[in-house]
Every structure is written in C-alpha cells, then in structure tokens.
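The values are calculated or read from the model by the stated rules, or taken from the named source; none is laboratory data. All values derive from a computational prediction rather than experimental measurement. So basically every Cβ, Gly included, is an ideal-geometry build from the backbone, and we count neighbours across all protein chains shown. We work out accessible area using only protein heavy atoms, side chains counted, and drop any ligands, DNA or RNA first. Shrake-Rupley method; radii C 1.70, N 1.55, O 1.52, S 1.80 Å.
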Amino acid sequence: MSRKEFTQISRVARELEQCMKCGFCAYVCPVYQEEKTEASLARGKNELVKLLVSGELEINRELADRLYKCTGCMTCTTNCPARAEIPRIVVAARADIAGEMGMRFPYGLIYRQVLAKRGVMGLALAVASRLQGVLMPRTSGTLRHMPDFVSAFGKGRRIPSVARKFLRRQVPEVTPAAGRRTLRVGYFSGCMNEFVSPEIGRRTIGLLARRGVEVVFPRAQGCCGAAVFLGAGDFETARKMADRNAAAFEGLDYVVTDCATCACALTEYAHFLADTPEREEAYARFSGKVRHVASFLVDVLGAADFRAPALLDGKKVTWHDPCHLNRHLGVREQPRRILESLDGVRYVEMPEADRCCGMGGQFNLLHYELSMKIAKRKSESIEAADADIVVTACPGCQLQLADSASRLDKPQRVMSLMDVIE
Amino acid sequence: MLKPEIIHRLQEIVGKDDVLSAREDLATYSYDGTTNWTGTPEVVVLPRTTEQISEIMKLATRHHIAVTPRGAGTNISGGSVPTRGGIVLCTVKMNRVLDINKTNLTAMVEPGVVLQDFNNMLAKENLFYPPDPQSFLGCTMGGTIAENSGGPLCVKYGVTKHYVLGLEVVLPSGYVMKVGGSTVKNRTGYDLVPLFTGSEGTLGVITRITLRLIPRPAARRTLMAIFDDMTLAGAVVSSILGAGIVPAKIEFVDNFVIRRIEEKMKIGLPVDAKTMLLIDVDGSEAAVESEAERILELLKEGGARIARRAKDETEAALYWKARSAGFAAIYSAARTVIAEDVTVPRDRLSEYIQRLDEISRKSGFPIVLIGHAGDGNIHPSVSTDSTDKEDLERLEDTLTAIFEMALELGGTLSGEHGIGLEKKRLLSRALDPMAIDAMRKIKAIFDPDNIMNPDKIWENA
Ligand SMILES: Cc1cc2nc3c(=O)[nH]c(=O)nc-3n(C[C@H](O)[C@H](O)[C@H](O)COP(=O)(O)OP(=O)(O)OC[C@H]3O[C@@H](n4cnc5c(N)ncnc54)[C@H](O)[C@@H]3O)c2cc1C
Ligand code: SF4
Ligand code: SF4
C-alpha cells in the first residue's frame, strides 16, 4: 500500500517523529501497566504506525487490535518530555485502518466480541439492572434496550428505538432564565443524558436557568460522534454528525454540556474532521463556544456558591477526573472548587484522582476484561479515600465506576456532578 | 525463523500469553532508547520466575539461539537491541520487591521492578537508594544493574555498583548462580558482584538483586544558577569541589536544552541563558544551610548572573523535572542524535567545554551539553537531520574527535551509558589490550557458546 493512502496519518506526520523512545510513558500508561507489553505502550504504538507508513507493516487484524488498545486518556502525552501526541496518532491511524479494512472492521469486532458473547452482554445487562436506580430512569424499561444501546454505540448512529421518549420530550426547546437574562446558551445533552439519564439533563438546564441563563435545547442536535471518530476512526460518518451539530447551535453564546466526552469530542471537530476550509471555519467557530458545565459555571458565570441536596448531608465525597475533562480540556480545579463549596459535605481528594478509569468508550467494549483491570485500580483509590460517594462528570466514567464497584462489591455510590449540586 | 517446536517449548515454559511472536509485537522490541540501532527478535518471552529463565536458557543453549535480556529498553547504547534475531527475554513481569529490611538497611528486588516504584516504596520507610539514572520513570532495576547506572546523585553517593551486595544470575547453561550476599562487608574470594554489575547482559540474566540502602537525608536544598558563559560554569564546579564541599548533585544544562525545555514545559527559565547549573545539597538541617550559603557565594564569585535557592519543594521539583526531561528534549530535536558519554576529570571541565565548542565549530554539527557536571560526565549530544551518507560519516568522525579529546584530558569513553553497540568501535582504544583479553576470557567462561547478548561490547565477537 502506498504512502499517499494514509490520509489521516499524513496529517499528523510531524507528530510521529516526536517520540524519542525514552520509555517514560511506561510509568503512566494504564494499558501498559496491566499488559506490560511494548505494543500496549504509547512508544510501541508510535513505532507500529511508523512501520505502517514505511511499508514494513500492513493493515491487518493484528495491527488494528494493537492500535485499538488505547483508552485515549492522554496520560502519556501529559507526562511525555517530548509532548508526543501519540493518542492523536492512534486516532488518525484508526481512521486510515477503517478506510482500508472497511467500516465493518471495528463494528464487526464489537458484534463478535460483545454482542455475540452472551457472557459479556449478560454482564452489561446485569450491571444495567443494578444501576437502574442510579443511572437510569426507573420507568423506562431500559434493560430491554441495552443491546440496542450497545450495538448502536458501535454502529455510530444515533441511538435507535430507545430514543425520542427521553430528554427532548421532557424539556421545552427554550427554558427562560430566572430573573435577568445574562446569556443565551445551547444545551448539548449527549446520548447518555438524552436516552439513559434525562434527569441529569433536566437538572443542568434547571440550574443554568436559575443562574440567569436562557437555555436552548436545539432539537436538531445529535450524537457528538466521539465513539465514531475518536473510537472507530469513521471520519466520514462523523463529519455528517459534526455538520449537523455545528448548524444546530448557530447564534448561541455558548454550547454547554455536562458530558466530558461530548465536550471533548465537540472541541476536536476542527482538528480531526475539517476537510474543507468551510468546515474548518464552521467547526472552529462551534468548538470555540463549547464548555463543560463545570467550567461554564466557574469560569464563565463566576459562580462560587453551590448547595447540595439534603441526601448528601454529612457525606464524604471524592472526585474522579474524567480524562476528557482533565487532560483533554484542562478542567481540573473547577469541579473541585464546586465540591469544596458545598455546605455539610466533606470533600476528600483520592490518590491518583486523575488516573484513567479504563472506560475509553469503545475500548471498554473491545477489551472488557482489560478495562475492568484498569478500573480495579481506580476502585482501590476510591476506597483509600474512604468516601461515601464518588462524583464525576462523564457518563462513561460513571458507568465504568459503577460497574467496577458492583463487580468488586464496593459500597461507594457513583454520582454525577449535576446530581450533587443545586 | 525459529522452529515452531522452539516457540511451542517456550510457551510450555512461561505460558502462551507470555510468548509474543506476532510480527506486530516483534517490531516493538526492535529498538531501545537510541535513535539509530534496530534489530528484530524472532520471539519475545516475558518470564515470571527464575526457574522459567533457567529453562529458557537451557533451551537457547541447546539450540544455539541468541538471547537478549531486556528491561524497559531505555538504555542509550543499543544494549537491548537484538542483533541476531533470537529471543528477547524481557523481565518487566518480574516486578516484585521481595524484602525491605529496615534494620539491616537492605532490600531484595526482582529485576523488573521500575526504579521509581522502588523509590516510592522506600520513601514510605524513610529509606534511600541513591543511584538515580534520569530514566527512573522507565528503567528497571535489572537494567540499572546491568548498565551500572549512575545519575546526578553520584557526585556524593556513587553509582549502582556501590550499592549492590548480592545477585542471583542465570547463566547461559541454565545454572542459577548466587554471588555476594546481604552483608555490607564481604571478603570471600574474588568479588563477582561488580563483574555482573555493568556486564550489559553479556554474562547472564540477573534475576534477583540485594541492595544496600541508607537512611533518607533529613534536609535538602536546591540551588539554581544562571551563567552567560559556559566555561565559567565549568570552572565554578571545580571551585565548589575545591572548597571541600561535596554537593549531592551538580547538573549542567546548556542554552539549547533550556530553550527546548521551556518550549515544552513553560516553567519560566531564562531562554537567553548560556548555562543553568542545578545543585542539590543534602544532610542535616544545619549542614545543608551552611553549605547552601557557601555555594551561593562561590557561584556569585564565579560569575553567575543569577544564583538562588528554589523557594520551596514545588519549585525544586519543577527544576528537577525539567532536568530529567532534558535528554528527551534533545533526542526529539533531530533525526539522528548521539548522546556521547565521555567523562573527564572534574578539574578539566572548563577546558573540556571549550574544546567541545571548537569541535562543534570545526565540524559544523551542533553539540548540545547536558549532564552531570559534578562528576565530569557532561554529555555532549551531536545531532543531524541529514540522512546523507557523507554527513553521517563526518558525524562519526566528530564523535571520535570528542572521544580523543576526552582521553587527552585524562578522561574515559563511557561514564554511565555502557558500550553496547554504540561505542564498541572505540573500545580497543580506551582499554589496555591485556584488559580486553582478560574480559573476553571471562565472557568465554560464562558464555562459551556466545549466545548471551552477542555482538555487544566487543567488536567482531
Ligand atoms: C531520558 C534518558 C535518561 C537517561 N539517564 C541516564 C542517567 O542519568 N544515568 C545513566 O546511567 N543512564 C541513563 N539512561 C540510560 C538507561 O536508562 C539506563 O542504562 C537504564 O539503567 C537502563 O535500564 P532498562 O531497564 O531500560 O534496561 P534496558 O535498556 O532494557 O537494558 C540495558 C542493558 O541491560 C541488559 N539487561 C537488562 N535487564 C537485564 C537483566 N535482568 N539481566 C541481565 N542483563 C539485563 C540489556 O541486555 C541491556 O544490555 C538514560 C536513558 C534515557 C532514555
Ligand atoms: S511517547 Fe514520550 S514518554 Fe513515551 S517513549 Fe516517546 S518520548 Fe518517551
Ligand atoms: S492515551 Fe492513555 S492508554 Fe493510550 S497510549 Fe497514551 S497513556 Fe496509554
């Protein structure tokens, strides 16, 4: 296969030369820490892509498997003395692999690995049922739809039959600001809040409105596309999603979301998906307005006082940094400030709060056991903090932490940031 | 290609999951920390016990298969690059700290323990293991023993070999040999511990390590000085040592590195500075305070533009983080980067720096300086983006010129990185021929079939 066909890799060609093989990433890469093989390490993945470009390796299952063993947590880059952006190289390579092997590859793998294996599927269902009270609306009969949810995640389409009953049916298109209107923002719900936990969306919208913000819920918005382009490397489908989202939020002051992964994906449109000057411009304008709700509250609104609902009274809470929020978007202090401001709640920092939980979207589906091993270390950190509740701001992390807690029989509850502030 | 029976037997020995033979895996064990040495193994094994390693070695001996031990692959001399295919034996899954003895001040570790993990465990016990190669986030204990590594702290505390009390080594025959013990004194026959320490994986596989520890010093200060002239900085190092003070570390970073670090990490270093010296003093609170005072005076007298203490632990940590990133900063700056490892007597440092400048100007290759000024081991890194054969030959000549200059100043070829593949072409000029002959004979005793990391250290072995 000739060089010119690696469209996406060639866009990050300069990055490929950054790694100087010092091996420091071994100390931080959550996947390497479990696997201990060179191909699971950032340095090894960089080498694999280099060899692919030079023609010494070709696109095949073996190569793809190794390049999909990355949660995209960015811990390697953050700690890399050369700041090598290997996770971006991995995403680019997945796109070129998807282009060559056809869209069937990663999705096919999901079908084989997840849906075809009753065990894994059953586990997902069991977890879902246990989580019902925490994550899922009691009334919706979610269980029935879990397979759809999982498969749809893989297909990179908006979630099918489960959809439409949820958040957009519960909130108006425009929620007016209480009191004087300071800003007009669009709320980006993300699939999880839209279909699985709409009450979180309702809380976010309500909170913003009470703080003097008019909240628009554009009906035309869709999935952020994280699983599609960052996960599966299907840039073509993702472009359609990006176009749609960028158009849906035209003319608003900000785009606010309570999902860390969505916030991250939305800000990455220009970098990965812009293939024409028009898209470049539209995506950059859109991305510039995207804020995670924690950052919007603290940085844009300057809010410093938050109240906790009564059920948190006297509880000890700790914070898990979603990779997409912390390393990708640089939002670290804001959620901590929010939690520390809560009266009657004690905030404790857990060790390695910023360590990846092992979810990584598709990573969890493709490598479930490995993902759970990474999560175990997170569970140990949570336990060390001796907290009653672990709070985070990413539905993916939340699922993972809850899944891991139930597998390991841990008592800690997992809650969304939006669950704990009013 | 190795015969399928061999792969099968390896799988029997260590289990299927710990044998890698896919092309995509083998490719990732073809390099180490160098930019220019590669070689692909035929199989990679990741054993978990000494017994498994013994079985692997027996198999390799029986079938004459080359074995290249590997820790984290961070060395910068080509040491863990397989040159004859064969087996890469990677120790990262043997990573238990077996014992920390607070009263005998010793520890026993497996070879795959990562240095930083070991340090973290010792810190909890208020203990201290000084050898500190700046690759501590990656390198394994086995690798540091095999390379006899040292770092900034060796000015005051010495290098790895000063801390190794005992070793368990699997010889090519599969025999598991124990040398040394767990006592600080040991005068029982020839001392084989320092022979295996620094043997670069050419004599056997180190499987268990007993180390001497010391109590953690009570206090520490970090000083930072900026110079507008590199040779002045070199001279100051000699004057500090001449004043009877032995700081824990004296590190040297040149303008190029300062700029690269600043570009990547943005920690507020003056980007116009010609040199930054980072100095640590440690010991009792009182001693540390008076030494720091005295060094600051000497730095100012010696012509430092800025000389001050880090205001707190956080600032100190930032400086040292920048220092450990320094090498990486150099390595990623050009296509081919050779970090030389020559070491000169400490009273010749400013002359050394001046001569390097001359060599750089004459050859046209930029030479970047970073390293351990306190022990005369400031690494000159020579780099080029050219892939032109003639340029690369000229680069090699430049390295030779640096080496010859260092020898003239009474120095040596390698301070800490080892010979590996990178420096073997110069070895015969750095050593007495009789010494080389003795070393080769020692190699033949332990490794008669020459399967243990062949092609390393010796030319045409
Ligand atoms: C950024 C950077 C900074 C560095 N700074 C320093 C420094 O300050 N000081 C310094 O001394 N070095 C330094 N090094 C070099 C390197 O880190 C050290 O040589 C380190 O000790 C190598 O450890 P490793 O686990 O990576 O071993 P590897 O690189 O995997 O192997 C090194 C050698 O040891 C052999 N080996 C490994 N394990 C065993 C075993 N169990 N038994 C027998 N042989 C074995 C290998 O065959 C090879 O010859 C630096 C390297 C980098 C990339
Ligand atoms: S990715 Fe960065 S940390 Fe990892 S080996 Fe490469 S340069 Fe070192
Ligand atoms: S992004 Fe995370 S999982 Fe992927 S290579 Fe880097 S540290 Fe490892």
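With a 1.4 Å probe and all protein chains left in place, how much accessible area per residue does the protein assembly as shown have, in Å²? Numbers along the way, then the final one.
Details: 34090 Å² over 883 residues.
Counting only protein heavy atoms, the per-residue value for the protein assembly as shown is 39 Å².
When the accessible area of each residue in segment B:298-339 is compared between its chain alone and the complete protein assembly (1.4 Å probe; ligands, DNA and RNA ignored), which residues differ by at least 50 Å², being lower in the assembly?
Buried-area filter returns B:A328, B:S332.
Picking from B:G180, B:F128, B:Q116, whose Cα lies most toward the positive end of the charge dipole for segment B:103-187 (charges on Cβ: Lys, Arg +1; Asp, Glu -1)?
Positive-end residue among those listed: B:G180.
Report the extension gain between B:R62 and B:I442 in nm, rounded to one decimal, defined as 0.36 nm multiplied by the number of residues separating them, less their alpha carbon distance. Don't skip to the end; give the middle numbers.
Values: separation 380, 0.36 × 380 = 136.80 nm, distance 2.11 nm.
Additional length available on full extension: 134.7 nm.
Is the shape of segment B:219-327 rounded, prolate or oblate, going by the alpha carbon gyration tensor and its root eigenvalues a ≥ b ≥ c, with a/c under 1.5 for rounded and a/b larger than b/c for prolate? Write out the running numbers ahead of the final one.
On the way: a/c = 2.08, a/b = 1.30, b/c = 1.60.
Here segment B:219-327 falls in the oblate category.
Just counting partner chain Cβ atoms within 10 Å, what average do the residues of peptide A:23-32 show around their Cβ? Don't skip to the end; give the middle numbers.
Details: counts 15, 12, 2, 10, 8, 1, 0, 0, 0, 1.
Across the residues of A:23-32, the mean count of other-chain Cβ atoms within 10 Å is 5.
Which parts of segment B:86-119 would a label at A:K376 reach, counting a residue when its backbone N lies under 18 Å from a point 7 Å out along Cα-to-Cβ?
Correct set: B:93-97.
Taking 27 Å as the cut-off for C-alpha to C-alpha distance, list the pairs among A:K376/B:K124; B:K124/B:K249; A:K376/B:K58; B:K58/B:K423; A:K69/B:K58; B:K249/B:K311 that go past it. Could the numbers behind the result be given before it?
Values: A:K376/B:K124 23 Å; B:K124/B:K249 23 Å; A:K376/B:K58 38 Å; B:K58/B:K423 30 Å; A:K69/B:K58 34 Å; B:K249/B:K311 18 Å.
Pairs exceeding 27 Å: A:K376/B:K58; B:K58/B:K423; A:K69/B:K58.
At a Cα cut-off below 16 Å, give the lysines reachable from B:K266, other chains included and same-chain residues fewer than 8 away excluded.
Within reach: B:K321.
Given a 1.4 angstrom probe, I'd like the percentage of the accessible area of segment B:1-128 that is carbon and sulfur, rounded to a whole number.
Roughly 49 percent, rounded to a whole number.
Only loop residues by DSSP count here, and only those with at most 13 other Cβ atoms within 10 Å; note down the GluC sites (Glu not before Pro) in segment B:369-461 that meet that.
Working: sites: B:E390, B:E393, B:E396, B:E404, B:E408, B:E416, B:E422, B:E459; in loops: B:E416, B:E422, B:E459.
When the GluC sites (Glu not before Pro) of segment B:369-461 are filtered for loop state and at most 13 Cβ neighbours within 10 Å, B:E459 remain.
Could you state the number of Å between the C-alpha centres of segment B:262-289 and segment A:224-270?
Spelled out, the Cα-based centre of one part sits 44 Å from the other.
Please give the FRET efficiency for B:D312 paired with B:A243, using the beta carbon to beta carbon distance and R0 = 35 Å, rounded to the nearest 0.05. Provide the component values of the computation, followed by the final result.
Numbers: r = 27 Å, r/R0 = 0.76.
Efficiency, rounded to the nearest 0.05: 0.85.
Based on the mean of other beta carbon atoms within 10 Å per residue, what is the order of B:20-28, B:249-257, A:288-296, B:91-99, most packed first? Each step should come with its number before you reach the end.
Numbers: B:20-28: 20.0, B:249-257: 24.4, A:288-296: 22.9, B:91-99: 17.9.
Ranked from most to least packed, the peptides come out as B:249-257, A:288-296, B:20-28, B:91-99.
Can you give the charge dipole size of segment B:97-215 about its Cα centre, rounded to the nearest 20 debye, using +1 on the beta carbon of Lys and Arg and -1 on the beta carbon of Asp and Glu? List each step's numbers first, then the result.
On the way: 9 positive and 9 negative charges, 81 e Å.
The dipole of segment B:97-215 has a size of about 380 debye.
Which one, B:S30, B:I419, B:V246, is farthest towards the positive end of the dipole of the protein assembly as shown when Lys and Arg carry +1 and Asp and Glu -1 on their Cβ?
Value: B:S30.
How large, in percent, is the carbon and sulfur part of the accessible surface of segment A:274-422 at a probe radius of 1.4 Å?
46
Give me the Å³ per residue figure for the convex hull around the C-alpha atoms of the protein assembly as shown. It would help to have the intermediate numbers written out before the result.
Values: hull volume 159.0 nm³, N = 883.
Roughly 180 Å³ of hull volume per residue.
Along the positive direction of the dipole of segment B:360-404 (beta-carbon charges: Lys, Arg +1; Asp, Glu -1; about the Cα centre), which of B:V382, B:G371, B:L392 reaches farthest?
B:G371
From a point 7 Å beyond the Cα of B:Y175 in the direction of its Cβ, which residues of segment B:440-461 have a backbone N at a distance under 12 Å?
Output list for this probe position: B:445-448.
Averaged over every viewing direction, what's the projected area of the C-alpha convex hull for segment B:101-215? Give it in nm², one decimal, please.
Numbers: hull surface 27.8 nm².
Directional mean of the projected Cα hull area for segment B:101-215 stands at 6.9 nm².
Pick out the long, greasy-scoring helices in chain B: whole DSSP H runs spanning 18 Å or more along their own axis by Cα, mean Kyte-Doolittle at least 0.5.
On the way: long enough: B:50-63 (20 Å, -0.56); B:230-242 (19 Å, 1.76); B:285-301 (24 Å, -0.28); B:313-331 (28 Å, 0.06); B:349-363 (21 Å, -0.93); B:389-408 (29 Å, -0.32); B:433-446 (20 Å, 0.58).
For chain B, where a helix must reach 18 Å along its axis and average at least 0.5, the hits are B:230-242, B:433-446.
Give the accessible area for B:T40 in Å² (nearest 10); use a 1.4 Å probe, count only protein heavy atoms, and leave out ligands, DNA and RNA.
Accessible area of B:T40: about 80 Å².
Can you list the residues in segment A:73-87 whose accessible area drops by at least 10 Å² when all protein chains are present, compared with the chain alone? Use a 1.4 Å probe, heavy atoms only.
A:N79, A:P81, A:A82, A:R83
With an 8 Å Cα cut-off and a minimum separation of 6 or more residues, compute the relative contact order for segment B:260-405 in percent. Show your work: numbers first, answer last.
Numbers: 125 pairs, mean separation 30.3, N = 146.
Relative contact order of segment B:260-405: 21 percent.
With +1 on each Lys and Arg Cβ and -1 on each Asp and Glu Cβ, and nothing else charged, work out how big the dipole of segment B:333-392 is about its Cα centre, in Debye to the nearest 20.
Values: 7 positive and 11 negative charges, 15 e Å.
That gives a dipole near 80 debye.
Kirkwood Rh over Cα pairs of segment B:197-266 into Stokes-Einstein at 25 °C, 0.890 mPa s: D in µm²/s? Walk me through the intermediate numbers first.
Working: Rh = 16.6 Å.
It comes out at roughly 148 µm²/s.
Can you give me the distance in nm between label points at B:S284 and A:V174, each placed 7 Å from the Cα along the Cα-to-Cβ direction?
Inter-label distance under the simple model: 7.7 nm.
Please give the FRET efficiency for B:D449 paired with A:A13, using the beta carbon to beta carbon distance and R0 = 56 Å, rounded to the nearest 0.05.
Working: r = 44 Å, r/R0 = 0.79.
So, using R0 = 56 Å, E works out to roughly 0.80.
What accessible surface, in Å², does a 1.4 Å probe find on A:H324, ignoring ligands, DNA and RNA and rounding to the nearest 10?
40
Given Cβ point charges of +1 (Lys, Arg) and -1 (Asp, Glu) and nothing else, what value in debye, to the nearest 20, does the dipole of segment A:1-67 about its Cα centre take? Display every interim value, and only then the final one.
On the way: 11 positive and 11 negative charges, 51 e Å.
The dipole magnitude comes to about 240 debye.
Roughly speaking, what is the centre-to-centre gap between segment A:315-341 and segment A:25-91 when only Cα atoms are used, to the nearest Å?
Going from one Cα centre to the other spans 27 Å.
As a test of the definition: with a 1.4 Å probe, what buried accessible area, both sides summed, do you compute for A against B, in Å² to the nearest 100? All intermediate terms of the calculation are to be shown ahead of the outcome.
Numbers: alone 17190 and 19550 Å², together 34090 Å².
Looking at A and B, the buried total is near 2600 Å².
Report the paramagnetic label zone for B:E5: residues of segment B:13-55 whose backbone N is under 19 Å from a point 7 Å from Cα along the Cα-to-Cβ axis.
Once the point is set 7 Å along Cα→Cβ of B:E5, B:13-14, B:43, B:55 turn out to lie under 19 Å by backbone N, inside segment B:13-55.
For segment B:201-306, which whole percent of the accessible surface, found with a 1.4 angstrom probe, sits on carbon and sulfur atoms? Working shown, then result.
On the way: 2050 of 3830 Å².
That fraction is 53 percent.
Between B:S182 and A:D253, how many nm apart are label points set 7 Å from Cα along the C-beta direction?
Between B:S182 and A:D253, the simple spin-label model gives 6.8 nm.
Would you give the gap between the C-alpha center of segment B:393-433 and the C-alpha center of segment B:27-82, rounded to a whole Å?
25
Just read off the accessible area of A:E380 with the full protein assembly in place, 1.4 Å probe, to the nearest 10 Å².
For A:E380, solvent-accessible area is about 90 Å².
Averaged across the residues of A:60-71, what count of C-beta atoms belonging to other chains lies within 10 Å of each residue's C-beta?
Per residue, the number of nearby Cβ atoms from other chains is 2 on average.
Taking the Cα-to-Cβ direction at B:E301 and at B:N36 and moving 7 Å from each Cα, how far apart do the two end points lie in nm?
Distance between the two pseudo-spin positions: 4.3 nm.
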